[in-house]
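The values are calculated or read from the model by the stated rules, or taken from the named source; none is laboratory data. This one's a predicted model, so the numbers in the text were calculated from it and none came from an experiment. Methodologically, a virtual Cβ is constructed for each residue, glycine included, from the backbone with ideal geometry; neighbour enumeration extends over all protein chains shown.
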Amino acid sequence: MDQRVVLVTGGGKGIGAAISLLAAQRGYAVAINYRDDQLAALTVLRRIEAAGGRGCALKADVGDAVQVETMMEQVQARLGGLHALVNNAGITGPIGKFTLADPAMIEQVFRTNVFGLMHCCRAAVTRWQASGAGGVIVNLSSTAATSGSANDYVHYAASKAAVDTFTLGLAREVASDGIRVCGVAPGSTATGIHAKAGEPDRPARLAPLIPMGRLAQPEEIAQAVVWMLSDGAAYVTGSTLRCGGGL
């Protein structure tokens, strides 16, 4: 089919849900990946289908390379191909000082945020190289990669710094294959991630520190991501766009 297909990891909630919905509005068929919350992914899928779009919801833990390969095969079988990948899936772990962080939790953050992202990139790139079709990847980073997030989650910040470096290196490696690799680095965004990290009032604490005086809305981050996917960004690769309200 001529319709472009995008896979959004962690596409059922927060920024991922906003990306999935906006991509569908812009004409993409959307594969919505989820790990645990099937209901959230199906809710987004139903909204896409109700508006006349196409998509599917696919369960996979991106930290498991075998599950990622299976997911890529399902995208091909159910939507007819893959043209774009948005690596949105990510976790922070509880907020707190680094020395108090559970080592197992730190490993899980890197397994999802770094290794999971790499597994998905490898699976997409190898397919595009084999077909010669090209493609585009957008990796979700964070302004934490440059702030360090002291006293909140230094380990998470470190994982996103790894994402930035990987984005640049992979972009330069595959540019000659017609594959673009870009990044978007949101600042603090109004999603459920703050409550899940153990501090539901964190948005109120952070807003006064942001030059624009507020947190981002998921839809605002989605606009940047979908632009990176578009032909309007055809000469952009290796770059990470900072969306931090001035931070």
Selection status of L229, surrounded by 15 or more Cβ atoms within 10 Å (Cβ to Cβ) and farther than 28 Å from V6 by Cβ: no
Residue check for R202: of a type in the set (K, R) and at pLDDT 95 or above: no
Evaluation of Q3 against (1) out of contact with any Ser or Thr (no Cβ under 6 Å at 6 or more places or on another chain); (2) outside any helix (DSSP H, G or I); (3) in contact (Cβ under 8 Å) with a residue 40 or more places away in the chain; (4) within 24 Å of K196 (Cβ to Cβ) (one fails), failing number: (4)
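Among I95, I91, which is in a loop (DSSP other than H, G, I, E, B), closer than 18 Å to H155 by Cβ, among the aliphatic types (A, V, I, L, M) and over 20 Å from the mean Cα position of the chain (by Cα)?
I95
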Residue satisfying condition, being buried (at least 17 other Cβ atoms within 10 Å of the Cβ), polar (S, T, N, Q) and more than 14 Å from the chain's Cα centre (by Cα), within set S188, S159, S142, S176: S188
First in region 144-159 and under 14 Å from P186 (Cα atoms), second anywhere and in a loop (DSSP other than H, G, I, E, B) and of a type in the set (D, E, K, R), Cβ under 9 Å, 6 or more apart: A144/D152
Subset tally (residues that are of a type outside the set (V, I, T), farther than 21 Å from R242 by Cβ and in a helix (DSSP H, G or I)) for region 122-147: 8
Within region 148-247, helices (runs of 4 or more DSSP H) holding 3 or more residues that are farther than 23 Å from A24 by Cα: 154-174, 193-196, 202-206
The one condition in (1) closer than 21 Å to F115 by Cβ; (2) crowded, with 23+ Cβ neighbours inside 10 Å; (3) among the aliphatic types (A, V, I, L, M) that A41 fails to fulfil: (1)
Of all residues in region 145-156 being among the aliphatic types (A, V, I, L, M) and within 18 Å of E199 (Cβ to Cβ), the one that is surrounded by the fewest Cβ atoms within 10 Å (Cβ to Cβ): A150
